[in-house]
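Engineer: Mind having a look at this structure? Questions to follow.
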Amino acid sequence: MVTKKSVNKKPKRVVKNSKNEGPTLAQKEALLREESIAAKRFEMLFGDLKKIPTVNIPKTDGASPFIIDVKDKNHPVISVINSPLVGTLASSIDSSDIFRNALRLAQARNNDAVVITGNLIYCLVQKYGKERPYRTQVLGLEPDPELLETGYPKAVVEEIGPLAKRLKDGKIVFMTIKVYLDHVFKMVHKKFLDEKGEPIFKGKVYIALGEIEESIAMYYANEALRAEVFQEKAFTHKKVNELRVRLRVARKSGDEKEENLLLEQINDWQVYDRILVLMGNVAPSHINERRRLMTNYLAYRIESDIPNAKVIGEGDTYIKVGSQIVSIVSDKTLDSVRGGLAGRLRRKIYNFTKANPGDKVPAVVLGAGLNPWGVGLYASFRIRQKKATLDDVRMTDVVQLLPCIDSNLYRETVRRMLKAKDRVARLASTTNFQSGNQTVAFFEPAPLIRIDWNRSEFLTNQDVFGSDGNLKKLVSGENPLGRMIYSYKEGCTHYGAAFVARYDSPDDPEGRYIKHHNQVLFEAFVRDNSPIHLYQIDGDIQHWLNYQVHKEVNPQWRDPEDLLAELTKIERNDQLSGQEKAKALKIRSMLNTVVAGVLQPEEQIEAFGKAMAPYAVFFKGVIERAKKAGIRMSGNLGIISIGQGNHNEHTFKGNTDVRFSEARLTRKEFLLFLLESGYNPEDLRACVVACQFGGVGMANGTFQASSVDKEAYEYSLFMKHKHGSSKTEDNMKTMITNFSHRGTTDNYEEGRFTINLGGDDHMGGHAVTRNAFHVKTGGQMFDGPFGLKLDFPKQNLFSTVWGVPAGGPSFGSCSVIRFDFRITRKLSAYKITLPENLFENPV
């Protein structure tokens, strides 16, 4: 702190020459340098961002989503690209550039829009430290001498010469954050254009800003504040120097009053400089304004450099695709590199459904960010309204998106590292790491949802993307390697359970007014000529007696006296015609029988066979279609593969030394009803297989569609009822981990892509990892006292059709179409049919 000097009078000094009154030459140079650096530091950050035109970034929620333009509201299709990270490593060969090929695929499939869910670009924003060389290993920036020179002072370039020569000579060059981003956005611009300078994807491109874009905005806010504080300090130092010059003059003139006043002012400015002008003292509103300016700048550059682009959100973003709400969400608290994002988002959805009207709950949640693999989970919920249209029970798809970077390229890069420090490197070093993108298609008015997972091996296949003609042939189905093998997978049918799922079908022409889940779908598949080539049921086909199920009585069950009273009331209702009375009596009697359950397993098995018999035509069609497609199988697989569940195993636990196989007994029922229907090909026993290994329900083998081409891919298939699970976290993660650490215990999985099937947990889901397509179906049960007692979430009632390309995973998508209660309910009531293009390009 500056203190006043003694106030004793001093003799007046004679001013010899006015030229000694100002600052010295050295002081002038120092002030000029300080002011210049302070101003230049701010300018070199990005200049005056206030001059950048304001971009309107919508604020959205479930009630006011951003509307995506679509061609057909009954069949909207979007391509979802997550974390393309432009600025990181990419293929030097255009036809194997994963991001550009994702755009090409969207154009070839005539998708309505491309939605980029954040992390469009990649930029190192950390201060230099010892880990910087680790982090630069994943960068793909090629320095542009012209862009570099825009960040250099003119006199410096004139002295050191053109930076192009400096780069060629391997000399050091420097790049400000502004120039860095100029390089990145130059790359962004090129990514979206073909060799003629036309947009690769002709439609709209919608971008939600991600965590990396946010980190750039935060970095700018910090650096801008640092520059402003530095500038303010320079101004303070200049002011102090000016006052000191005046102080010398006052002392020389003997003006004591002026001297004291100037000393106080100098003290005030030094207090301001040393105590107030600090980074930690900047007003929060100013910090937020700086962040907003940078966010606006990024949005402006994105919309300027990408044809037909619109930035649609930062943070949670809601869009409307046709009539469906889709939300884009990232992990706000944890690093998603190790997986588990889908589970955390599903947990939030359960709470969200309690706090919001049902129409605000998204149909699909897209989990964006640096995810190690793709996962699809489900969350079921009810809403109070919409029962009249059969839309009151719903199921949200929670999708953990694949990052759109080249997984093979990054694996090779990481192999040459001893330590993975950068997040992208850590992502690529994760076991089971898989990249790609997703196509999400809606089919109204169900709505049916089809998700196509386009893996990195497909999106970097030069045989497909080497020419527009090859890609068109694949998409149209002209190339047989891109044609799809479709399989219907179910499990946990729990025939005989008191709380088994059932569907009203009041207009059934055969009088089957109450149906089970799979009965509805078998009927729909046959009626709508659905091209199903394979069938699997993983177990818990019957309910068995794995616990004291007889203690659980369905509230809808009526004892004989109460049932008689209800039936009599219907009989005496004069408002009903005779035909209507007969129908009502039949429905109530059937309902009472179904909710009473079938207690003994032997009767459950026989009754299940009788329930399947009316749909023998479905199984005949599957077998004949598989033969026509040249489906060849090895191991203990069949065109119809029947598994064994833990309910069967637990029924005999501790009570007997013998076992009875659910799979074998059910297979006999299948063979019986097929024979009774008049279907008896020579190889029927080979087509219908009970999949077991030493008493454990397990399918293991290979399959391929040999009719398409001699290059038809031979897939491995593994099916087991129980893979481990979680009711509250990501229930697919254990299935993925178990598959990975099991290794190869046979000669089926080695070097092959595996379809890994399961069930058991009644939650279901699917996942796409490096070596496998994991599919876990839900249950076919209504919620009962067992789950409620243990506070389990509402179970997911659905079965699935999965599909893979005949030429292998490098010739198409891994596809999932799930049939939940809402869809199946409408099929049972004959409110909808299955669209012809739901199962495109079948073998």
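Engineer: So Arg41 fits all but one of (1) modelled with pLDDT of 70 or more; (2) under 30 Å from Glu223 (Cβ atoms); (3) out of contact with any helix residue (DSSP H, G or I) (no Cβ under 7 Å at 6 or more places or on another chain); (4) of a type outside the set (Phe, Trp, Tyr); what number is the exception?
Structural biologist: Evaluating Arg41 over (1) modelled with pLDDT of 70 or more; (2) under 30 Å from Glu223 (Cβ atoms); (3) out of contact with any helix residue (DSSP H, G or I) (no Cβ under 7 Å at 6 or more places or on another chain); (4) of a type outside the set (Phe, Trp, Tyr) leaves (3) as the failure.
Engineer: Sticking with this one: Picking from Leu834, Leu838, Leu757, which residue would you name as being in a loop (DSSP other than H, G, I, E, B), touching a Leu at 6+ places or on another chain (Cβ under 8 Å) and either basic (Lys, Arg) or on the phi < 0 side of the Ramachandran plot (or both)?
Structural biologist: From the options Leu834, Leu838, Leu757, the qualifying one is Leu834.
Engineer: Is the range 414-436 home to any residue that is crowded, with 24+ Cβ neighbours inside 10 Å and assigned to a strand (DSSP E or B)?
Structural biologist: yes
For every residue, the table says whether it meets (1) out of contact with any helix residue (DSSP H, G or I) (no Cβ under 6 Å at 6 or more places or on another chain); (2) of a type in the set (Asp, Glu); (3) at pLDDT below 95.
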site	(1), (2), (3)
Arg415	yes, no, yes
Lys421	no, no, yes
Thr439	yes, no, no
Leu459	no, no, no
Lys473	yes, no, no
Ser476	yes, no, no
Tyr488	yes, no, no
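Engineer: Grab the helices (runs of 4 or more DSSP H) fully contained in the range 141-197, keeping just those with 3 or more residues being in contact (Cβ under 8 Å) with a residue 24 or more places away in the chain.
Structural biologist: In the range 141-197, the matching helices (runs of 4 or more DSSP H) lie at 177-191.
Engineer: In the range 700-740, what count of residues is obtained for those that are in a strand (DSSP E or B), in contact (Cβ under 8 Å) with a residue 60 or more places away in the chain and within 29 Å of Lys794 (Cα to Cα)? Walk me through how you get there before you give the answer.
Structural biologist: Initially, the range 700-740 is screened for residues in a strand (DSSP E or B), giving 700-705, 715-720.
Next cut, in contact (Cβ under 8 Å) with a residue 60 or more places away in the chain only: 700-705, 715, 717, 719-720.
If we keep only those that are within 29 Å of Lys794 (Cα to Cα) as well, we get 719-720.
Qualifying residue count for the region: 2.
Engineer: For residues in the range 52-80 being assigned to a loop (DSSP other than H, G, I, E, B), out of contact with any Gly (no Cβ under 8 Å at 6 or more places or on another chain) and among the polar types (S, T, N, Q), which is surrounded by the fewest Cβ atoms within 10 Å (Cβ to Cβ)?
Structural biologist: Out of the qualifying residues, it is Asn56.
Engineer: Of a type in the set (Asp, Glu) and more than 19 Å from Ala829 (Cα to Cα): is that true of Asp508 in this structure?
Structural biologist: In short, no.
Engineer: Consider the range 391-413. How many of its residues are surrounded by fewer than 21 Cβ atoms within 10 Å (Cβ to Cβ), outside any strand (DSSP E or B) and in contact (Cβ under 8 Å) with a residue 40 or more places away in the chain?
Structural biologist: First, pick out the residues of the range 391-413 that are surrounded by fewer than 21 Cβ atoms within 10 Å (Cβ to Cβ): 391-394, 408, 411-413.
Among the residues that remain, those that are also outside any strand (DSSP E or B) are: 391-392, 408, 411-413.
Now drop any that are not in contact (Cβ under 8 Å) with a residue 40 or more places away in the chain, which leaves 391, 408, 413.
Here the count works out to 3.
Engineer: Same structure, new question: Within the range 437-446, work out how many residues are touching a strand residue (DSSP E or B) at 6+ places or on another chain (Cβ under 6 Å) and either of a type in the set (A, V, I, L, M, F, W, C) or surrounded by fewer than 24 Cβ atoms within 10 Å (Cβ to Cβ) (or both).
Structural biologist: Matching residues across the range 437-446 total 4.
Engineer: Of everything in the range 373-418 that's of a type in the set (Val, Ile, Thr) and over 16 Å from Tyr350 (Cα atoms), which residue is farthest from the chain's Cα centre (by Cα)?
Structural biologist: Thr389
Engineer: Specify the residue that is surrounded by the fewest Cβ atoms within 10 Å (Cβ to Cβ); the eligible residues are those in the range 813-831 that are in contact with a Leu (Cβ under 7 Å, 6 or more places away or on another chain) and under 20 Å from His774 (Cβ atoms).
Structural biologist: Ile817
Engineer: Checking the conditions here, which among Asn747, Asn756, Asn771 is touching a His at 6+ places or on another chain (Cβ under 7 Å) and either closer than 15 Å to Tyr715 by Cβ or modelled with pLDDT under 95 (or both)?
Structural biologist: Answer to the selection: Asn756.
Engineer: Answer yes if at least one residue in the range 210-222 is assigned to a helix (DSSP H, G or I), within 30 Å of Leu261 (Cα to Cα), more than 27 Å from the chain's Cα centre (by Cα) and of a type in the set (A, V, I, L, M), and no otherwise.
Structural biologist: no
Engineer: Quick one: Leu576 ticks every box in (1) aliphatic (A, V, I, L, M); (2) assigned to a loop (DSSP other than H, G, I, E, B); (3) in contact (Cβ under 8 Å) with a residue 40 or more places away in the chain bar one, so which box is it?
Structural biologist: For Leu576, the failing item is (3).
Engineer: In the range 449-463, what residues are among the acidic types (Asp, Glu) and out of contact with any strand residue (DSSP E or B) (no Cβ under 9 Å at 6 or more places or on another chain)? Can you show your working first?
Structural biologist: Here is the first cut: in the range 449-463, the residues among the acidic types (Asp, Glu) are 452, 457, 463.
Listed by number, the list holds a single entry, Asp463.
Engineer: Does at least one position in the range 116-132 carry a residue that is within 30 Å of Ile287 (Cβ to Cβ) and either part of a helix (DSSP H, G or I) or touching a His at 6+ places or on another chain (Cβ under 6 Å) (or both)?
Structural biologist: Yes, the range 116-132 has at least one match.
Residue-wise test of (1) modelled with pLDDT of 95 or more; (2) in a helix (DSSP H, G or I); (3) buried (at least 16 other Cβ atoms within 10 Å of the Cβ).
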position: Glu289; (1), (2), (3): yes, yes, no
position: Leu293; (1), (2), (3): yes, yes, yes
position: Tyr297; (1), (2), (3): yes, yes, yes
position: Tyr300; (1), (2), (3): yes, yes, yes
position: Glu303; (1), (2), (3): yes, yes, yes
position: Gly313; (1), (2), (3): yes, no, yes
position: Ile319; (1), (2), (3): yes, no, yes
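Engineer: Moving to a separate point now. So Lys202 ticks every box in (1) more than 41 Å from the chain's Cα centre (by Cα); (2) surrounded by fewer than 16 Cβ atoms within 10 Å (Cβ to Cβ); (3) not in a helix (DSSP H, G or I) but one. Which box is left unticked?
Structural biologist: Looking at each condition in turn, Lys202 falls short on (1).
Engineer: Taking the condition of being among the small types (Gly, Ala, Ser), in contact with a strand residue (DSSP E or B) (Cβ under 9 Å, 6 or more places away or on another chain) and at pLDDT 95 or above, how many residues in the range 646-686 meet it?
Structural biologist: 1
Engineer: Here's something else I'd like to know. Please enumerate the residues belonging to the range 721-752 that are buried (at least 16 other Cβ atoms within 10 Å of the Cβ), more than 26 Å from the chain's Cα centre (by Cα) and of a type in the set (D, E, K, R).
Structural biologist: Answer for the range 721-752, where residues must be buried (at least 16 other Cβ atoms within 10 Å of the Cβ), more than 26 Å from the chain's Cα centre (by Cα) and of a type in the set (D, E, K, R): just Glu749.
The values are calculated or read from the model by the stated rules, or taken from the named source; none is laboratory data. The structure displayed is predicted, hence computed values, not measured ones. When we count neighbours, we look across all protein chains shown, and the Cβ atoms used for this are built from the backbone with ideal geometry, even at glycine.
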